[in-house]
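The values are calculated or read from the model by the stated rules, or taken from the named source; none is laboratory data. Quantities reported herein were computed from a predicted structural model and do not represent experimental measurements. For neighbour counting, all protein chains shown are included, and Cβ atoms are generated from backbone atoms with ideal geometry for every residue, glycine included. For accessibility, only protein heavy atoms count, side chains too; no ligands or nucleic acids. Shrake-Rupley method; radii C 1.70, N 1.55, O 1.52, S 1.80 Å.
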Amino acid sequence: MAVADWLAALHRRAELRAKAGLTRRLRPRAAGDAVVDLAGNDYLGLAAHPEVTAAAGRALSAYGLGATGSRLVRGSTDAHHGLEAALADWLGVDGSLVFSSGYLANLGAVRALTRPRTLLVSDAHNHASLIDGCRISGAETVVTPHADPAAVAAALAAAPGRPAVVVTESVFSVDGDLAPLAELHAVARRHGALLLVDDAHALGVLGPAGAGGVAAAGLAGEPDVVVTATLSKALGGAGGVVAGPAEFVRHLVETGRTFIFDTALPPAVAAGVRAALDLARAGDDLRAELAGRTALAVRRLHAAGLEVSAPDAAVVSVTAPGPEAATAWAADCADRGVAVGCFRPPSTPDSRSRLRLTVNAGVGRADFERALDVIVECAP
Ligand SMILES: Cc1ncc(COP(=O)(O)O)c(C=O)c1O
């Protein structure tokens with residue numbers, strides 16, 4: 001195909017997306033803008049906490065900007081190892097391994113859990129990184145209806161004698177609901193399967209001392225459970241983690257392609273996340289504030305006649321009539337100084353478009369309440 005044809009084909013596809021209301025645009029933000037942020041994932045308001053930025057700044061001066069290599073070459077620093085020990089201790093597991101993103105942690109974990117003939121049983125609402133992990137693993141994958149342990153049991157029962165892994169999020173990123181983790185674990189154990197849980201939206205938010213959804217379900221340290229998470233949400237930084245039995249961590253170090261063939265997380269980020277972890281772990285007051293604000297958001301939006309999800313953590317989803325209406329709603333909120341997430345197909349597991357609010361304990365209380373008014377006033 002000639003270059004001109006290729007570009008014309010891309011243009012036609014962009015026009016089709018535009019017609020369907022699915023255009024995506026980058027909107028750069030200035031440092032310190034006055035926007036009330038209900039779109040980012042900085043649940044506990046730690047991204048710009050002075051102790052976090054100071055720790056990152058010290059490591060930046062000590063190590064320089066980047067890790068200079070992959071973890072197995074020159075990229076492992078004291079900051080990475082300190083963070084891994086602190087994460088394992090917090091999550092109540094044998095060991096943990098830090099990746100340069102949550103996306104890569106999920107790709108690496110799913111792939112590393114897969115052996116010949118493995119069956120993956122994946123929830124229909126799972127995040128794209130888990131879906132892609134299933135895809136690149138090459139393993140047969142059964143997608144089960146959302147949060148349905150009976151369907152998971154049926155899928156496992158249909159594959160007797162095969163290694164299997166049940167793959168789920170704890171708090172689902174789309175609607176903020178919690179997976180039935182205890183039931184899923186019981187089903188998995190009954191069938192000799194492993195359970196992989198992406199705790200991205202629960203780490204720092206749920207569980208004892210914020211140790212996440214797996215800990216909240218009483219499953220911390222179970223030998224047949226592997227936990228993944230991004231360090232970019234309640235911990236305000238970047239990077240990902242896989243946590244579980246020490247043998248599995250060793251397996252990842254020696255075979256995990258997204259760990260081995262990737263430049264390590266910058267040491268300054270590892271140090272900043274470590275400081276955020278200490279604050280999150282001691283942050284029961286922040287979690288109480290977050291839960292109170294989430295309940296307030298649901299009450300306020302519901303009272304205004306909007307269709308609101310029943311969140312188990314701090315993600316609130318509000319149904320929009322369609323993708324264009326969702327885009328216009330989010331844009332109107334942005335014009336009035338309130339950033340909200342806008343989820344439309346294909347980023348949603350069903351055909352529904354939504355505004356997604358991520359509640360943030362670091363936003364001023366009055367600003368938060370004003371933001372809820374703005375969302376109601378801009379509703380289509
Ligand atoms: C549930 C879930 N898993 C994984 C990721 C990917 O993490 P990261 O952004 O660190 O790549 C995200 C989004 O950030 C997420 O929402």
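Placing +1 on the Cβ of every Lys and Arg and -1 on the Cβ of every Asp and Glu, with nothing else charged, gives the stretch 288-337 a dipole about its Cα centre of roughly 200 debye. Share of Cα-Cα pairs in the chain beyond 40 Å, in percent? For the chain, the fraction of Cα-Cα distances above 40 Å is 15 percent.
Using a simple spin-label model with pseudo-atoms 7 Å out from Cα toward Cβ, Glu254 and Leu7 lie 5.1 nm apart. A simple rule links phi to the HN-Hα coupling: the Karplus curve 6.51 cos²θ - 1.76 cosθ + 1.60 with θ = phi - 60°, which for the stretch 208-222 gives x, 6, x, 6, x, x, 5, 5, 4, 7, x, 10, 4, x, 5 Hz, with x for Gly and Pro. By accessible area, using a 1.4 Å probe on protein heavy atoms only, the chain has 56% of its surface on carbon and sulfur. Of the trypsin sites (Lys or Arg not before Pro) found in the stretch 18-116, the ones in coil according to DSSP and having at most 15 other Cβ atoms within 10 Å of their Cβ are Arg24, Arg25, Arg29. Scanning residues 5 or more positions from Gly240 or on other chains, those with amide H under 5 Å from its amide H are Phe99, Ser100, Ser101, Gly102, Leu231, with H placed 1.01 Å from N in the peptide plane.
In this structure Val143 has an accessible area near 100 Å², from a 1.4 Å probe over the protein heavy atoms. Projecting the Cα positions of Pro245, Gly213, Gly322 onto the charge dipole of the chain (unit charges on Cβ atoms of Lys, Arg, Asp and Glu, taken about the Cα centre) puts Gly322 furthest along the positive direction. Here the extension length gained between Asp78 and Asp224 equals 49.7 nm, from 0.36 nm per residue of separation less the Cα-Cα distance. FRET efficiency for the pair Arg135 and Ala158, taken as 1/(1 + (r/R0)^6) with r the Cβ-Cβ distance and R0 = 25 Å, rounds to 0.75. Once backbone amide H atoms are built at 1.01 Å from N, Asp198 has Thr168, Glu169, Ser170, Thr228 as its partners under 5 Å, excluding neighbours fewer than 5 places away on the same chain.
Which of the GluC sites (Glu not before Pro) found in the stretch 271-371 are in a DSSP loop and have at most 13 neighbouring Cβ atoms, other than their own, within 10 Å?
Values: sites: Glu289, Glu307, Glu324, Glu369; in loops: Glu307.
Those satisfying the criteria are Glu307.
Ligands, DNA and RNA are left out, and with a 1.4 angstrom probe the accessible area of the stretch 284-378 is 42 Å² per residue. What residue among Leu279, Leu195, Leu26 has the largest mean-square fluctuation in a Gaussian network model of the chain, using Cα springs under 10 Å? With Cα springs under 10 Å in the chain, the top fluctuation among Leu279, Leu195, Leu26 is at Leu26.
Would you mind working out the accessible area per residue for the stretch 40-83, using a 1.4 Å probe, and quoting it in Å²? Computed with neighbouring chains in place, this is 53 Å² per residue. Accessible surface ranking for Val225, Val308, 1.4 angstrom probe, highest first: Val308, Val225.
Ranking Ser173, Ser347, Ser61 by Cα position along the charge dipole of the chain, where only Lys, Arg, Asp and Glu carry charges on their C-beta atoms, puts Ser347 farthest toward the positive end.
You can think of it this way: the chain between Glu51 and Ala331 has 97.4 nm of extra reach, that is 0.36 nm per residue less the Cα-Cα gap. Accessible area per residue for the stretch 95-167 is 38 Å², calculated with a 1.4 Å probe on protein heavy atoms, without ligands, DNA or RNA. Find which of Ala366, Leu107, Ala85 sits farthest along the positive direction of the dipole of the chain, computed with +1 on the beta-carbon of Lys and Arg, -1 on that of Asp and Glu, about the Cα centre. Looking along the dipole axis, the top candidate is Leu107.
The order of His80, His49 by accessible area, most exposed first and with a 1.4 Å probe, is His49, His80. DSSP finds beta bridges in the stretch 50-281, and of those with both partners inside it, around 40 percent are antiparallel. Does the stretch 284-378 come out rounded, prolate or oblate, given a ≥ b ≥ c as the square roots of the eigenvalues of its C-alpha gyration tensor, rounded meaning a/c under 1.5 and, failing that, prolate meaning a/b above b/c? It comes out prolate by the Cα gyration axes.
State the dimensionless ratio Rg/Rh of the stretch 144-300 (Rg: radius of gyration of Cα atoms; Rh: Kirkwood radius).
Values: Rg = 16.9 Å, Rh = 16.9 Å.
Value, to two decimals: 1.00.
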